[in-house]
Amino acid sequence: MPKTKTVYRCTECGAEYSKWQGRCDTCGEWNTLVEEIVAPKVAVAAGGSARRIGGARSLGEGGNVVTTPRLRDVSGSEAQRWTTDLNEFDFVIGGGIVPGSMLLIGGEPGIGKSTLLLQVAARLQAGGHRTLYASGEESALQVKLRADRLSSDAGDVELLSETNLETILATAAAGAPSALIVDSIQTVFTADLEGAPGNVGQVRECAARLMRFAKDSGTTVFVVGHVTKGGGIAGPKTLEHIVDTVLYFEGESTLDHRVLRATKNRFGSVDEIGVFRMSETGLDPVENPSELFLGDRNSHASGSAITALLEGTRPVLIEVQALAAKAGFGTPQRVATGFDSRRLALLLAVLEKRAGLSFAALDVFLNIVGGVRLEEPGGDLAIAAALASSVYDRALPADAVFIGEVGLGGEVRPVSQVERRIAEAANMGMNRVFLAERGVPKRLGGSRDVRVVGVRTIADLFQLLFA
Ligand code: TYD
Ligand code: MG
């Protein structure tokens with residue numbers, strides 16, 4: 001028998017280490033490593049010979065030889081996708097649900113994952129695809145009460161209030177629905193493993209079995225996954241590797257809009273987002289996202305500029321507001337909300353020296369809208385544009401986005417992942433993106449048209465905007 005060895009595995013991301021350490025190098029979390037005993041794999045002799053090693057079976061022994069058709073001889077076409085009439089949902093997953101695929105929907109508690117899936121279930125059912133909703137989180141009555149609020153009728157959806165994975169799979173196998181929804185992966189467990197539901201081993205094993213079930217039976221499987229503080233789906237990263245499609249559902253708890261985003265998709269693009277509004281009767285797809293996002297924006301007012309930030313790995317558009325007003329007595333005020341005030345002082349000095357704008361007699365107020373903290377230098381160009389717009393008292397073009405770092409010489413510098421930011425701007429209905437000349441991408445992806453304007457310095461930018 002080969003000897004077992006001890007490794008240490010991170011409960012957050014699944015990374016493996018030979019020694020214990022306080023912090024996981026892969027995901028950066030503290031105290032997440034746990035001991036795990038593993039049996040080493042049997043070594044395979046180099047050169048492909050089927051020599052016996054230490055009494056192990058030779059390569060391929062006991063396996064079956066199967067035919068290997070040429071790729072050109074493989075027949076069949078992609079199965080017809082199922083559409084749900086929830087346009088934004090269909091759009092994000094690449095134009096409808098691929099039958100037999102497995103989708104993971106992550107998001108914070110209360111964001112609307114169960115609501116979304118219940119609506120999807122109702123639409124699927126209406127389209128003739130029988131759907132089984134297995135809830136480990138809520139009782140049948142709780143699910144029914146939610147269903148009663150929805151504008152779409154989920155009355156025919158079959159319900160299973162269960163946390164035992166074997167029971168869920170056996171029930172699904174016997175009833176043979178077209179789609180199975182498991183809400184949530186952290187509440188189900190398999191009796192074959194020790195450990196409470198929600199621990200890494202359980203989550204990984206349950207997901208792997210559901211995937212196998214999806215592929216073996218052709219059932220479409222939706223799985224809800226909770227999100228940790230760090231923004232990842234709780235449990236190992238491998239969960240994301242197992243499934244076909246990973247969707248994140250996010251939003252501000254105080255606002256009623258929700259954004260659905262694909263971060264992995266075997267059957268479509270990952271740069272698309274879908275926007276919903278949470279209403280009294282469930283989630284309504286929002287046709288024009290930019291309208292909602294920047295809905296409270298007064299684009300006719302001077303001092304307002306839009307930039308595209310990267311939140312973690314995700315681009316988002318935010319509004320920057322600046323107000324430069326005649327100062328009273330004494331030293332003029334510099335007040336920044338959501339932005340480093342020393343960086344503001346620096347930008348003011350650059351604007352004064354390199355673009356001839358004088359702030360000496362002006363109070364300056366800067367606000368990043370929506371409670372966001374702008375920490376990326378990529379927001380500099382929008383702040384510079386907003387400040388200049390306020391000084392000149394002339395509004396910026398309403399459909400423009402500003403992306404770039406501003407240097408001490410007044411030069412505009414490129415920022416990372418500009419294609420994704422531009423794609424987000426396009427998604428949000430923006431038509432013009434101003435950015436560093438050197439950072440203009442050669443080729444633009446994205447579904448909607450957007451004009452990219454490269455500028456070398458802030459003086460160039462102001463010449464374009466205010467001349
Ligand atoms: P839910 O789908 O339970 O979230 P999750 O499964 O992600 O935890 O949604 C919960 C919130 O949505 C709750 O605060 C109530 C609200 N809601 C509405 O505003 N309107 C509705 O029609 C429904 C069903 C829920
Ligand atoms: Mg829920």
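Just so it is clear, none of the values below were taken in a lab; they were calculated from the coordinates. Just so it is clear, the model here is predicted, and its values are computed rather than measured. Cβ atoms come from the backbone with ideal geometry, glycine included; neighbour counts cover every protein chain shown.
Overview of values
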{"item": "Contact order relative to length of the chain, as percent, for alpha carbon pairs under 8 angstrom and 6 or more apart", "result": "11"}
{"item": "Expected 222 nm ellipticity per residue - DSSP helices of 4 or more, -39500 (n - 2.57), all of the chain, to 500", "result": "-7500 deg cm²/dmol"}
{"item": "Nearest-ten-degree value, helix 380-392 long axis tilted from longest Cα axis of the chain", "result": "30"}
{"item": "Rounded FRET efficiency, nearest 0.05, which uses the C-beta distance separating ASP449 from ALA345 and R0 of 51 Å", "result": "0.85"}
{"item": "Residue exposure sequence - ASP363, ASP183 - by fewest surrounding Cβ within 10 Å", "result": "ASP363, ASP183"}
{"item": "With Cα atoms, 0 to 90° folded angle of helix 140-149 axis to the chain main axis", "result": "40"}
{"item": "Gain in span if fully extended, ARG373 to LEU408, counting 0.36 nm per residue against the direct Cα distance", "result": "10.4 nm"}
{"item": "In the stretch 311-389, the trypsin sites (Lys or Arg not before Pro) that fall in loop regions by DSSP, at most 15 other Cβ within 10 Å", "result": "ARG373"}
{"item": "Span from the the stretch 420-441 Cα centroid across to the the stretch 375-399 one, whole angstrom", "result": "15"}
{"item": "Three-way shape label, the stretch 358-439, alpha-carbon gyration tensor, a/c 1.5", "result": "prolate"}
{"item": "FRET efficiency estimate (nearest 0.05) - Cβ-Cβ, THR68 to SER161, R0 60 angstrom", "result": "0.85"}
{"item": "Contact order normalised by residue count of the stretch 329-405, Cα under 8 Å, 6+ apart, percent", "result": "32"}
{"item": "Gain upon complete extension [LYS5, ARG23; 0.36 nm per residue less C-alpha separation]", "result": "4.4 nm"}
{"item": "Mean Cα-pair separation over length for the stretch 317-467, i.e. relative contact order, pairs under 8 Å, 6 or more apart, %", "result": "22"}
{"item": "Between helix 341-355 and the chain: long-axis angle, C-alpha atoms, 0 to 90°, nearest 10", "result": "50"}
{"item": "Unit Cα scatterers, Debye sum, the chain: log10 I(q)/I(0) for q = 0.10 Å⁻¹", "result": "-0.88"}
{"item": "Ordering of 126-135, 24-33, 5-14, 71-80 by burial proxy (mean other Cβ atoms within 10 Å per residue, highest first)", "result": "126-135, 5-14, 24-33, 71-80"}
{"item": "Extension gain from THR83 to ALA360, taking 0.36 nm per residue of separation minus the Cα-Cα distance", "result": "93.8 nm"}
